């Protein structure tokens, strides 16, 4: 009887410890899109890396145009998006802070056009499918047009998200479209439908970062560090088992592992060393240039305090 009581007590203690461990997992909802560059976040969840670091993560697919609204409502606490988008969100009153860099686009974002459109100048007067103002595709288009002596008024914008924009283009709709991987590869595979006019190989301005609301960071600094550490661990897993990792990440965007790997060739995920270099150099200069363009195109009415948009303590 005594042994039974001792065993029961041990079991109860074990169960209690398990429950306590589960209760200790910090809940966090992350908003992303199906962009190839964000895929290591999906890998971190599916491979149990987030869980290992004490995080109970929910990943939600939220269009970039409304991701900041999800942050503002606390439907999500963190998000992945492009560097200039954080400027837009903060300018709109949605306080948010970047804590680590995800990737750099090296040809993974671009403008595609019908066969008769050979240069950026040929886009003048044409219908171009692109996401709404305040999104990465809209910014990329405005950046490229500006650097070719044009403005957004020189084209007719048809607001479409990157996936539908690529699908519509391949179906013969619109003269051009701004899209990204994995959708851009669908156009690469159909040269009879059109061609790629310009990409981030020509204009390297698409860089993605991960950030959270100040309230979440203040209440959960250890969880924020765990999010960064989990991401870097996911990158290590890709190096150790690329085939399996690509299979997991590809499944999320309805690609085979091989197809996903081909999409991933057009970007570079950023490890901790690359992160530190980025925030010390490129981040600062790009923010100034991006804010000026966003202001001149009317996407923002005033610049937010650019010095407060990132906290790099979580990648140290």
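No value in this document is a laboratory result; all are computed from the given coordinates. None of the values given here were measured: they were computed from a predicted structure. Here the Cβ positions follow ideal geometry from the backbone for every residue, glycine too, while neighbour counts run over all protein chains shown.
Starting from the eigenvalues of the Cα gyration tensor, five times each then square-rooted, give me the equivalent ellipsoid semi-axes of the stretch 165-212, largest first, whole Å.
Values: eigenvalues 107, 32, 18 Å².
Result for the stretch 165-212: semi-axes of 23, 13, 9 Å.
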Q.
Rounding to the nearest 10 and keeping the result within 0 to 90°, find how far the Cα-based axis of helix 282-296 lies from the longest principal axis of the chain.
A. 50 degrees
Q. Counting pairs of alpha carbon atoms under 8 Å apart in space and at least six apart in sequence, what relative contact order in percent does the stretch 109-199 give?
A. 46 percent
**Q.** Between the stretch 48-92 and the stretch 110-170, the alpha-carbon center distance in angstrom
**A.** 26 Å
Q.
Order 271-282, 106-117 from most to least packed using the mean count of other Cβ atoms within 10 Å.
A. 106-117, 271-282
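For the stretch 168-261, state the average projected area of the convex hull of the C-alpha atoms over all orientations, rounded to one decimal in nm². Please list the in-between numbers first.
Numbers: hull surface 34.8 nm².
Spelled out: convex hull of the Cα atoms, projected over all directions, averaged, 8.7 nm².
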Q | Most mobile of 101, 173, 289 in a GNM of the chain (Cα contacts under 10 Å) | A | 289
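Quick check on the chain: helices-only [θ] at 222 nm, where DSSP H runs of length 4 and up contribute -39,500 (n - 2.57) each and the sum goes over total residues. Nearest 500, please. Write down the numbers at each step before the final one.
Working: 14 runs with 148 residues, N = 316.
Taking each H run of at least 4 residues, the total per residue is -14000 deg cm²/dmol.
Just want to confirm a number: the relative contact order over the chain, from Cα pairs under 8 angstrom separated by 6+ residues, in percent. Show your work: numbers first, answer last.
On the way: 537 pairs, mean separation 83.7, N = 316.
Computed over the chain, the figure is 27 percent.
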Q) Using a Gaussian network for the chain with springs between C-alpha atoms less than 10 Å apart, which of these wobbles most: 140, 295, 43? A) 295
Q) Against the longest alpha carbon principal axis of the chain, how many degrees, from 0 to 90 and to the nearest 10, is the axis of helix 2-24 turned? A) 20 degrees
Q | Centre separation in Å (Cα based) which lies between the stretch 202-261 and the stretch 265-316 | A | 18 Å
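Calculated FRET efficiency, residue 268 and residue 122, Cβ-Cβ r, R0 35 Å, to nearest 0.05?
FRET efficiency, residue 268 to residue 122: 0.70.
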(Q) Of the candidates 33, 66, 136, which one comes out as most mobile in a Gaussian network treatment of the chain with C-alpha springs shorter than 10 Å? (A) 66
Q: Relative to the longest principal axis of the C-alpha atoms of the chain, give the angle of the C-alpha long axis of helix 221-240, reported between 0 and 90° and rounded to the nearest 10°.
A: 70 degrees
